[in-house]
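Okay, structure first, notes after.
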Amino acid sequence: RGKDDKHKVRMPKLRMAKEYKDKRKSIDDVERNIFKFKKSSKEKSKKMEKEEKLFRETFMYHEEIRVLATATAARSVRSQRRADLPLTAGEQLDVIEAARGHAVICRNAQGRYGYVLVEHLNFR
């Protein structure tokens with residue numbers, strides 16, 4: 001051995017576990033995809049506008065959309081007609097208008113509108 005090799009300390013090469021490498025890659029991917037959030041919010045707002053336009057045509061609603069109250073769905077209900085809003089238990093709904101005595105027009109978190117029976121809602 002040469003003079004320089006005597007004083008060098010050999011360090012073993014540390015190998016990363018494959019799982020850790022994969023996890024690190026996924027974290028890096030998440031950090032790189034930060035700017036896709038704006039794109040999805042644009043798409044979401046476009047979809048909301050489309051749902052609102054469909055709502056206005058279906059229900060012939062020409063007034064300003066105002067939220068009268070918020071309610072929670074008591075149970076899951078499938079829609080029977082096109083104008084009905086399908087519900088899942090615990091879903092938050094905005095009450096737009098009390099159209100009939102036993103039904104109200106609601107909007108869910110995805111921006112869809114429809115009739116919901118009052119008996120399926122819990123008001124705060």
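No value in this document is a laboratory result; all are computed from the given coordinates. These numbers were taken from a predicted model, which means no experiment stands behind them. Heads up, the Cβs are rebuilt from the backbone with ideal geometry, glycines too, and the neighbour counts pull from every protein chain shown.
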Computed ³J(HN,Hα) along the range 106-121: with the Karplus parameters 6.51/-1.76/1.60, θ = phi - 60°, integer Hz and x for glycine or proline, the list is 10, 10, 8, 5, 7, x, 7, 10, x, 7, 9, 6, 4, 5, 8, 10
Spelling it out for residue 91: with amide H atoms placed in the peptide plane at 1.01 Å from N, the residues 5 or more places away or on another chain with amide H under 5 Å from its amide H are 73
Under a crude label model (7 Å from the Cα following the beta-carbon direction), how far is residue 42 from residue 123 in nanometres?
4.1
Taking a label point 7 Å from the Cα of residue 58 along Cα-to-Cβ, the residues of the range 74-107 whose backbone nitrogen sits under 11 Å from it are 79-86, 106-107
